[in-house]
Amino acid sequence: MRAVQLVEPTVVRIVDIPVPEIGPEDVLLRVTAAGLCHSDLHVVHNPERIFAHPVTLGHEVAGSVAAVGAAVRGWTEGASAIVHLCWSCGSCRNCLAGADNVCLRGGRRAQPPAPGLGPDGGMAEFIRVPARYLVGIDGLDPTVSAPLADAAMTAYHAIGNSRGVLAPGATAVVIGVGGLGHCALQILRATSAVRIIAIDLDADKLSAARKHGAHATVPAGAGAGDAVLDMTAGIGAQAVFDFVGNDISVRTAAACVAPNGVVQISGLAGGRVPLAAEPRDGTGWPWGASVRTSYGGTRRDLIECVALARDGHLSIDVERFSLEDALLALDRLAAGSVTGRAVLVPGLGNVSVRKRQ
């Protein structure tokens, strides 16, 4: 089969490798679509050797069951499924409490293995998946459902962490309305009665943000935090979701979060939270505000994202690329020129097209 692999640090190639063999508790999934994510860029651009051998990339994976292991129950050939990216142990304290995205099998790092980030991923024609990590998506178009596995689920989990401040009439700010952010807007609109403000550098993305549920938009930059304060009588937003995570976006979040509010940082661009143990004067970080980071989401989060999509509340913008165009798609993603989510579709011709689910 054809696969997109990180063959050595910073080197990605499209290679021919054997179709994976499956064990008794595994499913062989014929990949229908595999999304690209900034996490893939972090892996690709890392100059250190983080894997001992070439690894097939891709942790947003949807497809159809091609074969099932002898011990697998509940899955039959031809069934449509999406892959939960958190391959947790299922038996540690956190997993048993339903927090399987922070599995303690990995120690204090608490980041479970994920396809494409250790085990071979789904930027290929087939992927081996332990059956317990599959979620059914019958009723959805599998070719454009792959981003539910991360772009939607990660946003859903961050929003779930903030339910305590998302009361009717509250304000929520979404910083960065790309792959994750445009999902967050829809999830907020479908699951809460808050006022939603979107912040982004790109005017086209801000225009799309209104389509996805934002009540107001603000251009990113030095004055973005002040603009949010102006819209909230000087108080700020009860919840701020930062899907960028660089120094500028984190400073914006700190400048516009309300007292007793929460900042959820899902972006991984290395930003530092400007928080100091000192008296407050009404600027910067306010009293009672908290900051939280989160990784991915739980299996329950993914199931609920699938339900939102099936009921028409969550529609992901995608740009489709063939598997052979994977390097082009990665370059486009790095340049910030992808609309919504880039998705590789094995078997698609070498012409990328746009489609909405």
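Laboratory data are not the source of any read-out in this text; all were calculated from the coordinates shown. On a predicted model such as this, the values are computed, not experimentally measured, just so you know. Glycine gets a Cβ as well: all are built from the backbone with ideal geometry, and neighbour counts include every protein chain shown.
Tabulated data
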read-out: The stretch 10-70, dipole about Cα centre (Lys/Arg Cβ +1, Asp/Glu Cβ -1), debye to the nearest 20; value: 160
read-out: Cut-off under 5 Å, modelled amide H: who pairs with S290 long-range; value: G261, V262, V263
read-out: Other-chain or far-sequence residues with amide H under 5 Å of T217's (modelled H); value: A198
read-out: Angle between the chain longest axis and helix 326-335 axis [Cα atoms, degrees, rounded to 10]; value: 10
read-out: Loop trypsin sites (Lys or Arg not before Pro), the stretch 224-287 (other Cβ atoms within 10 Å of the site Cβ: 11 or fewer; DSSP); value: R272
read-out: Lys, Arg +1 and Asp, Glu -1 on Cβ, resulting dipole of the stretch 150-280 about Cα centre, debye, nearest 20; value: 320
read-out: Residue of R30, R189, R49 that the Gaussian network model of the chain assigns the largest fluctuation, springs spanning Cα pairs under 10 Å; value: R49
read-out: 3J(HN,Hα) from dihedral phi, the stretch 20-35, Karplus parametrisation 6.51/-1.76/1.60, rounded to Hz, x for glycine, proline; value: x, 8, 10, x, x, 9, 9, 10, 8, 9, 7, 6, 8, 7, 9, x
read-out: Per-residue HN-Hα couplings for the stretch 140-150 [Karplus 6.51, -1.76, 1.60; θ = phi - 60°; Hz; x = Gly/Pro]; value: 10, 6, x, 6, 10, 9, 3, x, 4, 5, 9
read-out: Relative contact order (%) - criterion: Cα under 8 Å, at least six apart; region: the chain; value: 18
read-out: Longest segment of the chain lacking GluC sites (Glu not before Pro) that sit in a DSSP loop with at most 10 other Cβ atoms within 10 Å; value: 49-357
read-out: Amide H contacts of Q238 (H built 1.01 Å from N, under 5 Å, at least 5 apart or other chain); value: T171, A258
read-out: At 1.306 mPa s and 10 °C, Stokes diffusion of the stretch 195-346 via Kirkwood alpha-carbon radius, µm² per second; value: 92
read-out: Options V257, V338, G296, ranked by Cα towards positive dipole end of the chain, top entry (Cβ charges); value: V257
read-out: Value of [θ]222 nm, deg cm²/dmol, for the chain, DSSP H segments ≥ 4, -39500 (n - 2.57) each, nearest 500; value: -6500 deg cm²/dmol
read-out: Residue exposure sequence - H38, H84 - by fewest surrounding Cβ within 10 Å; value: H38, H84
read-out: Farthest toward positive dipole pole in the stretch 89-229 [+1 Lys/Arg, -1 Asp/Glu at C-beta], among I127, A190, G107; value: G107
read-out: Residue with peak Gaussian network fluctuation, the chain [Cα springs, cutoff 10 Å], from P18, P147, P259; value: P18
read-out: The stretch 8-34 and the stretch 230-280: distance between their alpha carbon centers, rounded to Å; value: 39
read-out: Simple label model, 7 Å out from Cα along Cβ direction - E48 to D204, nm; value: 3.6
read-out: Sorted by Cβ neighbour density within 10 Å, fewest at the top, the residues I127, I17; value: I17, I127
read-out: Residue of G225, G181, G347 that the Gaussian network model of the chain assigns the largest fluctuation, springs spanning Cα pairs under 10 Å; value: G347
read-out: Ranking of R13, R93 by count of other Cβ atoms within 10 Å, fewest first; value: R93, R13
read-out: Diffusion constant of the stretch 83-207 at 25 °C, which comes from Stokes-Einstein with the Kirkwood Cα-pair radius and 0.890 mPa s, µm²/s; value: 148
read-out: Computed over the chain, Kirkwood Rh from alpha-carbon pairs, angstrom; value: 20.6
read-out: Simple spin-label estimate for A190 and V11 in nanometres, 7 Å along Cα-Cβ; value: 4.3
read-out: J(HN,Hα) series, the stretch 104-117, from Karplus relation 6.51 cos²θ - 1.76 cosθ + 1.60, nearest Hz, glycine and proline x; value: 7, 4, x, x, 5, 4, 6, 10, x, x, 9, x, x, 10
read-out: Rounded to the nearest 20 debye, dipole of the chain from Cβ charges on Lys, Arg, Asp, Glu; value: 660
